Amino acid sequence: MTENLDLFSAESQGQKAQDAINAGVPGSVTSKVAALRAQLWQWAHEYYVLDAPTVPDGEYDRVYQQLEALEGAYPALVTPDSPTQRVIGAVLDGLTPVRHAVPMLSIQTETDNEATGAMAFDQRVRKELGLDASAAAIEYVAEPKFDGLAMNLRYENGRLVQATTRGDGEVGEDVTHNIRTIRQIPLSLPADRNVPPVVEVRGEVHMAKADLEKLNARQQAAGAKTFANPRNAAAGSVRQLDSSIAAQRPLSFFAYGLGEITPPEQGGPDFGTHYAMLQTLRSWGFPVAPQVALARGASELVAFHQRIGAERANLPYEIDGVVYKVNSLALQRRLGFKSREPRWAVAHKYPAQEMPTLMEAIDVQVGRTGKLTPVARLAPVQVGGVVVTNATLSNLFDIRKKGVRVGDQVIVRRAGDVIPEVVGRVPGERPVYVPNFRMPRTCPICASAVVREKGEANHRCTGGLFCGAQRKEAILHFAHRRAMDIEGLGDKLVDQLVDGQVVRVLPDLYRLGLSSLAALDRMAEKSAQNVLAALEKSKSTTLQRFLFGLGIRNVGESTARDLVKHFGKLDAIMDASVEELLQVKDVGPVVADSIHTFFAQPHNREVVEQLRACGVHWEEGEPVEKAPQILAGLTVVLTGTLPTLGRDVAKDMLEAAGAKVSGSVSKKTSYVVAGAEAGSKLAKAEELGVPVLDEAGMLALLRGEQPG
Ligand code: IVH
């Protein structure tokens, strides 16, 4: 363990309590801190484990801040299990190996079909126990087999002291700093429930499907790597050296067993059955999967396998099979182990996750950020227990890379992934010619232009505010604190407003009435009034906030500010040409193009007009001077291919600085800018003695330097 984690060792606990006394902390503060913690533990448990919050987030935050303030004032009161101490900023040099007190075993895997798999296991167990056919059915516990990472959580005197990975089963790695950040894992166990002095809880750290999807979207937006499945995402997060990274990863946990525990002879609990043990873990605050069930005999195991197989696609987390365990701990002891696997448990996997099928068509879907995703329409096929008829193809380049065309036999995979994907093509001749897939030029939802930015793999709809697919995101962005700052207009409300078709376009927000708002779910009249008041207040804004709120691609707050400074008035921005936009500080060709394309869409202009008609207003300013016309009076000819700038961009830049760009070289030409493969114009320039510049020379000229 490294130094900063040592702070939290059991010894330092006692020391801390002593310190608190020494520091003369008033007794009332100590008990207040304890009460606040107990309250926060309970609320966090309700929120993260039971999925049933009982207070609004704001209330939790308020109490949390109170605790933080008291701990700030009396640092001696800080304990490692305080809700404020989830992220302790540990950055390690490497992970420390830890020998398990009780080895972490693996389980034998049964791959037979559902009936024979469970029956073979039941028969083996009965035979080992010497039971004949007339003996009663054996009781089992059937559990999902979670697709994540096995974890051993060691609690001493009710406090989490160490979390270790499975490693090779004998020696794992200490990942306590990261595991502490998982909200579902208690940092301390309830004092009133006979928790033994030593207990190791074992289970699976994983990532819920929806959380993985969100994480991947975030990773993609940040240009970071995405994770193929929850197991990779969980493993990649848990083995980070810097706990602030794990803290941002939405990890979850399910308990399914024990490691070392104080034995009954020394006062530890005597559970009797595996099922009772799981119930106890649940009562100590650990998440136990709700699907875990008792099953009597092989037939009920088969039924469980079937039922979970059917539910599998709809489960919020990924599984790759089910696990059967003998329920009685006495029988488990009698059965014992064979090499490194228990005889009392077996994992029963689900069938293959990849299947071939016919790709009948490729449709295009529009996501909430405007991204166009090609979707393969497939002849229905069973993959991993569910019928798949659609699979994603990511983007145009993904299709090209995989070389799939409509009419092909393709392989579909439903691995750890949430959405089935087309992996590739089954090799073979195509009986008829089928053209390659092309992206539509207009959005299939709103008919706005579709664009793909230079260097980007994805195509996007430019409809923005107008596009039905992008509506929710557009509204949330508009309402954002740093945009129009409409307090109370959050995810849940926007979902209801858009799904109920109450708000179709942004201006509809300002047309909301008290009755339509108060009629929504979970919306009391008072909160409806608050939202209306916030909407009213937002009408008086600044042009910068408004412009940012429109959600124009590539226009963040600072670009909005620069645009306002430069143009002063909204109309001037809306009507600006690409050239004019390029004169704005820090606006390059990509941004200029985004702005121009946005305002070139009639529906976006319509939205702006309607917002103004609804009373949204700001103070307009005066435009600043145009860019200095340092090349006024010069005539420049462009020829050949420039190494980085496109010819159009170079032309815009020269014109913005006041130069005239001409197509032919004459004695009057001031400069010829020549790129690769320049032909007759270059020759002509040399003949006439016109100075010739390369791209760098042109850029120097634009900076007002002497081109060399
Ligand atoms: S019990 C002695 N139960 O599967 C049995 N394991 O080889 C110890 N796993 O990587 C494991 N879900 O993390 C058990 N409900 C479950 C499980 C489960 C997933 C994983 C476990 C380990 C592997 C077991």
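The values are calculated or read from the model by the stated rules, or taken from the named source; none is laboratory data. Note that the coordinates shown come from a computational prediction; the quantities given were computed from them, not determined experimentally. Don't worry about glycine lacking a Cβ; one is built from the backbone with ideal geometry, like all the others, and counts go over all protein chains shown. Note: areas computed on protein heavy atoms with side chains; ligands, DNA, RNA excluded. Shrake-Rupley method; radii C 1.70, N 1.55, O 1.52, S 1.80 Å.
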Inset, instruction - Starting from the Cα of A696, step 7 Å along the direction of its Cβ; do the same at K565; then give the gap between the two resulting points in nm. - result: 3.0 nm
Inset, instruction - Give me the percent of the accessible area of the range 218-330 that comes from carbon and sulfur atoms, probe 1.4 Å, all protein chains in place. - result: 50 percent
Legend entry - For the chain, size of Cβ-based charge dipole, Lys and Arg +1, Asp and Glu -1, in debye: 1160 debye
Legend entry - the range 653-671 residues near the modelled T644 label - backbone nitrogen below 13 Å, point 7 Å along Cα→Cβ: none
Inset, instruction - Using DSSP, restrict attention to beta bridges with both residues in the chain and report what percent are antiparallel, rounded to the nearest 5. - result: 85 percent
Legend entry - Debye equation applied to the C-alpha atoms of the range 164-209, log10 I(q)/I(0) at 0.19, 0.22 Å⁻¹: -0.80, -1.00
Inset, instruction - Whenever you get a sec, compute what percent of the accessible area on the range 63-139 sits on carbon and sulfur atoms (1.4 Å probe). - result: 52 percent
Legend entry - log10 of Debye I(q)/I(0), alpha-carbon scatterers only, for the range 167-291 at 0.17, 0.22 Å⁻¹: -0.95, -1.33
Inset, instruction - Give, in nm to one decimal, the length gained when the segment between N436 and V387 is fully stretched (0.36 nm per residue of separation minus the Cα-Cα distance). - result: 14.9 nm
Legend entry - Eligible lysines near K537 by straight Cα distance, threshold 19 Å, same-chain separation 8 or greater: K526
Inset, instruction - Count neighbours as other Cβ atoms within 10 Å of each site's Cβ, and list the trypsin sites (Lys or Arg not before Pro) in the range 222-323 that are DSSP loop with at most 13 such neighbours. - result: K225
Legend entry - Calculated [θ] (222 nm, deg cm²/dmol) that DSSP helices of n ≥ 4 give over the chain, each run adding -39,500 (n - 2.57): -10500 deg cm²/dmol
Legend entry - For the range 26-106, the fraction of alpha-carbon pairs in successive 10 Å shells from zero, as %: 15, 36, 25, 19, 5, 0
Legend entry - Mean projection area, nm², convex hull over Cα of the range 626-697: 4.5 nm²
Inset, instruction - Extending each Cα 7 Å along its Cβ direction at F337 and D192, get the distance between those two points in nm, one decimal. - result: 3.9 nm
Legend entry - Entries in K371/K454; K454/K585; K209/K349; K402/K472; K214/K472; K454/K684 that, when Cα-Cα distance is taken, lie over 23 Å: K402/K472; K454/K684
Inset, instruction - Could you list the trypsin sites (Lys or Arg not before Pro) in the range 456-512 that lie in coil according to DSSP, counting only those with at most 11 other Cβ atoms within 10 Å of their Cβ? - result: R481
Inset, instruction - Could you list the square roots of 5 times each eigenvalue of the Cα gyration tensor of the range 489-619, that is, the equivalent ellipsoid semi-axes, sorted largest first and rounded to whole Å? - result: 32, 14, 12
Inset, instruction - Give the calculated FRET efficiency between R296 and A613 to the nearest 0.05, with a Förster radius of 60 Å applied to their Cβ-Cβ distance. - result: 0.30
Inset, instruction - Calculate, in nm to one decimal, what V171 and E487 gain on full extension: separation in residues at 0.36 nm each, minus their alpha carbon distance. - result: 108.6 nm
Legend entry - Per residue, the convex hull volume that the Cα atoms of the range 440-558 enclose (Å³): 106 Å³
Inset, instruction - In vacuum, with every alpha carbon of the range 373-514 counted as one equal point scatterer, what does the Debye formula give for log10 I(q)/I(0) at q = 0.12, 0.17 Å⁻¹? Two decimals, please. - result: -0.70, -1.03
Legend entry - Pairwise label distance in nanometres, S106 with A519, each label 7 Å out on the Cα-Cβ vector: 6.0 nm
Legend entry - Longest site-free stretch - the chain; sites: GluC sites (Glu not before Pro), DSSP loop, at most 13 other Cβ within 10 Å: 171-428
Inset, instruction - First select every other residue whose beta carbon is under 14 angstrom from the beta carbon of P264; then total the charges, Lys and Arg +1, Asp and Glu -1. - result: -2
Legend entry - Solvent-accessible ranking of K402, K660, largest area first, probe 1.4 Å: K660, K402
Inset, instruction - Would you mind telling me the share, in percent, of accessible area of the range 592-708 contributed by carbon and sulfur at probe 1.4 angstrom? - result: 52 percent
Legend entry - Segment L129-A379, length gained on full extension (0.36 nm per residue, minus Cα span): 85.2 nm
Legend entry - Cα pair distances of the range 457-516 binned at 5 Å [whole percent]: 4, 18, 29, 26, 13, 6, 3, 1, 0, 0
Inset, instruction - Calculate, for A457 and T116, the FRET efficiency according to 1/(1 + (r/R0)^6) with r their C-beta to C-beta distance and R0 45 Å; round to the nearest 0.05. - result: 0.45
Legend entry - Antiparallel %, DSSP beta bridges [both residues in the range 602-681], to 5: 10 percent
Inset, instruction - Roll a 1.4 Å probe over the protein heavy atoms and report the accessible area of D57 in Å², nearest 10. - result: 100 Å²
Inset, instruction - Within the set of other residues whose C-beta is less than 15 Å from the C-beta of G663, count the net charge using Lys and Arg as +1 and Asp and Glu as -1. - result: +4
Legend entry - Whichever lysines have a C-alpha closer than 19 Å to that of K681, once near sequence neighbours (fewer than 8 apart) are set aside: K651, K660, K667, K668
Inset, instruction - Quote the convex hull volume per residue of the chain, based on C-alpha atoms, as a whole number of Å³. - result: 237 Å³
Inset, instruction - Would you please give the FRET efficiency between S244 and A276, computed as 1/(1 + (r/R0)^6) with r the Cβ-Cβ distance and R0 = 35 Å, to the nearest 0.05? - result: 0.35
Inset, instruction - Taking only protein heavy atoms into account and a 1.4 Å probe, give the accessible area per residue of the chain in Å². - result: 48 Å²
Legend entry - Quotient of C-alpha Rg and 2.2 N^0.38 Å, computed over the range 498-566: 1.37
Legend entry - Radius 11 Å from Cβ of Q85, net charge of other residues (Lys, Arg +1; Asp, Glu -1): 0
